[in-house]
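The values are calculated or read from the model by the stated rules, or taken from the named source; none is laboratory data. The shown structure was predicted, so the numbers you read here are calculated from the model rather than taken from an experiment. Glycine also receives a Cβ, built like all others from the backbone with ideal geometry; neighbour counts cover every protein chain displayed. These area figures cover heavy atoms from the full protein model, side chains too; ligands, DNA and RNA do not enter into them. Shrake-Rupley method; radii C 1.70, N 1.55, O 1.52, S 1.80 Å.
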Amino acid sequence: AMRVSLAEAGLVKKPSHSASTRVRVSVRLRPYMSRDDEGKEGLCVRGTGNQSLEILNWRNTMETMSYQFDAFYGENSSQQEVYTGSVKPVLSHLLTGQNTSVFAYGPTGAGKTHTMLGGAQEPGVIPRAVRDVFQMVREESVLPASQDWEYSVSMSYLEIYNEKVLDLLEPQDQDLPIREDKDKNILIPGLTQRAIGSFSEFESHFLPASQNRTMASTKLNTRSSRSHTVLLIRVVKSQRVLPFRQLTGKLYLIDLADSEDNRRTGNQGIRLKESGAINSSLFVLSKVVDSLNQGLARVPYRDSKLTRLLQDSLGGSAHSVMITNIAPEQKYYFDTLTALNFAAKSKQVINKPFTRETLQTAALKRQREEPAPNGYALKKI
Ligand code: ADP
Ligand code: MG
């Protein structure tokens, strides 16, 4: 098939200047979950490799658009695969005093919370990463080279809602300030920080705080998805002897606000105000990621609370991973395109129709091999 490169149109980004500054971008496609009556007409995106996918072009159905990422996880990918492929590799830097941030991005229902939190049967990135942090600390602390060092782990948990920073461990209605110290470390004076010595101790703080958040979200309708939920795990390594060096590594695990464009979802009043804040903070985040990945001199961290908070943990010597969650159904099409354009390293238009036959065959084959997720059976042809 003839390939039309978009480089001429300036749509392909320049390679990054510094490998460590770059934000690594993964895309995860969740399984098809729509009801029977919607049929498979709805499918409009599929994986084409472990770094690529294609989506039909709504402007011209004789074309598909092909996207490249650092990693692509298809609908059958497990929590384990996503974690080991994209998150685990960046955690080791924590013990060398470098910062790490992991984000889940995408529209409502595309799998952000599933990816970050998961369930008891299929734990997501957060429980896996916290377990591994304790494991890493245990392993390093018994090495002979570590005998003069002391290790401590602590957590904070907050949400950013309407550009306000709210403590989830000690909820109050106060908007906490974000400050920078003389060494350019970002800190939030007044934010609760709890020492944690084990995974179960982590859970004893995290689970009730998450519960608070869920209850608040029910009362305020869909508030939870309108806020960025930020878990901070801090690992401090202190030398017990001269020169008493201290290394701090921060790990941010973030379930971002839903990314859909709220101008299209008919939001009004308070919802519209929230939408404005969300859309602009996600827009700033995309500008920050873009600036870092293009090696631009000015990175607009200060333009939103979220990026300001992450200024020392996104870019620079930090290691960052964006997991873009997308859904395969037609009704998500424009949100999927927005998410992919946010995430894409490169895009190509290929003039080959997006054939539904191929998809139906694939879907049917899957249906024969395994039960459909969440009890929804795929429609029989
Ligand atoms: P979001 O947080 O982006 O709004 P959720 O994580 O709540 O989306 O996912 C919406 C629904 O889809 C949930 O019922 C979730 O369990 C399910 N889901 C999401 N991703 C997957 C996946 N990869 N495999 C199975 N179920 C998934
Ligand atoms: Mg969610």
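Just a few scattered comments:
- Strands (runs of 3 or more DSSP E) completely within the stretch 25-141 that count 2 or more residues being more than 16 Å from ligand 2 (Cβ to nearest atom) and at pLDDT below 95: 45-47, 52-56, 64-68
- Test: Ala372 is at pLDDT below 85 and within 16 Å of Ser101 (Cβ to Cβ): no
- Candidates are the residues of the stretch 310-330 that are in contact with a His (Cβ under 9 Å, 6 or more places away or on another chain) and not in a loop (DSSP other than H, G, I, E, B); the one that is modelled with the lowest pLDDT is His319.
- In the set (1) within 16 Å of ligand 2 (Cβ to nearest atom); (2) of a type in the set (Phe, Trp, Tyr); (3) within 22 Å of Ser86 (Cβ to Cβ), the condition left unmet by Tyr161 is number (3).
Rundown of residues vs (1) more than 22 Å from Gly315 (Cα to Cα); (2) in contact with a helix residue (DSSP H, G or I) (Cβ under 6 Å, 6 or more places away or on another chain); (3) more than 16 Å from ligand 1 (Cβ to nearest atom), yes/no style:
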site	(1), (2), (3)
Lys88	no, no, yes
Asn99	no, no, yes
Gln121	yes, no, no
Ser154	yes, no, yes
Asp167	yes, no, yes
Glu180	no, no, yes
Pro189	yes, no, yes
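- Filtered by the rule that a residue be more than 15 Å from Ala195 (Cβ to Cβ) and open to solvent by less than 50 Å² (accessible area, probe 1.4 Å), the stretch 232-249 gives Gln239, Leu247, Gly249.
- Any hit, the stretch 187-207, residues being surrounded by 12 or more Cβ atoms within 10 Å (Cβ to Cβ), more than 22 Å from Ile323 (Cβ to Cβ) and basic (Lys, Arg): yes
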